[in-house]
Every structure is written in structure tokens, then in C-alpha cells.
Amino acid sequence: MKMLRTIPLAALLSACAASASQADEHRQLGAHVHGHGKLNIAVEKNVLAIELEAPGADIVGFEHEAATAEDKTKLEKAKATLEKGLELFTPDSAAGCKQTSVKVALEAEHEDEAEGKGKEEHAAKAKDQKDDHDHEEGEHHHSEFHVEYAFECAAPDKITNLTFGYFKAFPNAQELDVSVIAPKGQSSYEVKKDKPKLELKGVM
């Protein structure tokens with residue numbers, strides 16, 4: 001939508017993603033765990049950028065390619081829900097944030113290609129499983145939603161917490177690893193379904 005914002009926004013999010021991967025190197029980037037997603041948050045001037053990565057099973061309840069009418073309906077409904085960023089990740093009203101753009105993508109991976117370095121055994125096992133299930137659900141065994149949001153906030157320094165309607169919208173989701181890059185530094189958090197609120201006092 002607003003091309004001038006796209007470049008710095010992408011830079012913000014990629015910096016945040018790099019920070020997140022450094023913070024939890026013990027987790028494999030390629031393999032994902034059902035119920036467990038990632039959220040990157042970056043703030044610069046009046047722009048709040050949020051990037052969500054979540055397994056397909058968390059969002060639509062399955063990871064195979066949507067083939068049936070029922071699956072396709074679930075997929076379209078999920079995408080429509082994901083587009084409503086302020087309902088899923090709600091900052092304090094005092095911050096005066098408005099969503100300016102959203103990009104929803106569904107990425108599918110071959111199970112043997114999804115594994116990172118040092119995962120050869122798992123990859124070999126996945127390849128065997130792939131041979132067994134190719135005819136049932138195609139070549140893709142892992143799917144992941146990747147969503148990028150941009151918000152314009154009148155007073156970003158007043159974002160003292162973020163409320164997660166995400167867990168109510170997607171009951172299969174259990175927790176999110178959250179990385180924040182803000183003017184006052186970088187922070188990492190874990191937000192769970194049973195406590196869907198992130199305190200950010202002093203961070204912005």
C-alpha cells in the first residue's frame with residue numbers, strides 16, 4: 001500500500017528475526033512445533049511492525065494442501081481473521097494505533113527440506129514418511145503461515161502492553177516466542193494461551 005514504508009519495515013522485521021534466531025539458537029529454524037509460533041515486533045518512530053510465523057495446524061487445524069471445499073473454506077476464513085491485526089494483537093488504546101497494511105502468506109515445505117543443519121537423521125526419516133504419504137496428502141507435510149502487519153501509532157511510547165486475541169481466534173495455538181526491537185533495546189518473551197498479555201512497560 002504505502003511503498004515508502006515497505007523498505008524500512010522489511011529491514012525492521014528482518015533485524016528482529018535475526019535477533020530472535022540468535023536468542024534461541026537451541027531451536028531448529030526449519031522444524032516447527034504444533035501449538036508454538038513466533039512473533040517479531042519492531043518499533044521505529046511512529047511505525048509498529050509485527051511479523052507472525054505459525055504452523056498451519058495452529059491456524060486451520062491441518063497442514064496438508066487444502067483440497068476439499070471444507071478445507072478451502074477454513075483456509076479463507078483463517079486468512080480473513082489473520083488480516084485483522086488489531087483484534088489479534090491489541091496495543092493500549094492510548095497509543096492510537098491504526099493498521100496500515102497486512103500481508104498474509106501460506107508457505108509449504110517438503111518435510112526433508114524443512115530440517116536445518118544437523119538434522120540428517122530426522123530428514124531421512126521424514127523422507128521415508130513422505131514416500132508412505134505422498135498419495136494421501138501430496139508432497140507437502142509442513143505448512144506455515146507468515147503474516148506481516150504495519151501499524152501507524154500516534155503515541156508508540158504509550159504501548160505498555162499487548163493483548164493477544166490470537167489465542168482465542170485460533171484455539172490450537174498454545175504459545176508464541178516474542179522478540180521485540182524498540183527504541184530502548186531488544187527483549188525476548190514467551191506468551192502463553194493461559195496468560196494472553198504481554199507487559200511492555202519501559203520497553204518502548
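Averaged over residues, the count of other Cβ atoms within 10 Å places the peptides 37-45, 178-186, 60-68 in the sequence 37-45, 178-186, 60-68, highest first. Residue pairs exceeding 24 angstrom between C-alpha atoms, taken from 45/195; 45/79; 79/201; 74/168; 103/195; 84/193: 45/195; 45/79; 79/201; 103/195. Counted by neighbouring Cβ atoms within 10 Å, the residues 92, 58 run from fewest to most as 92, 58.
Read-outs throughout are calculated quantities, based only on the coordinates presented, and are distinct from any laboratory measurement. If you're wondering where the values come from, they're calculated on a predicted model, not measured in any experiment. Methodologically, a virtual Cβ is constructed for each residue, glycine included, from the backbone with ideal geometry; neighbour enumeration extends over all protein chains shown.
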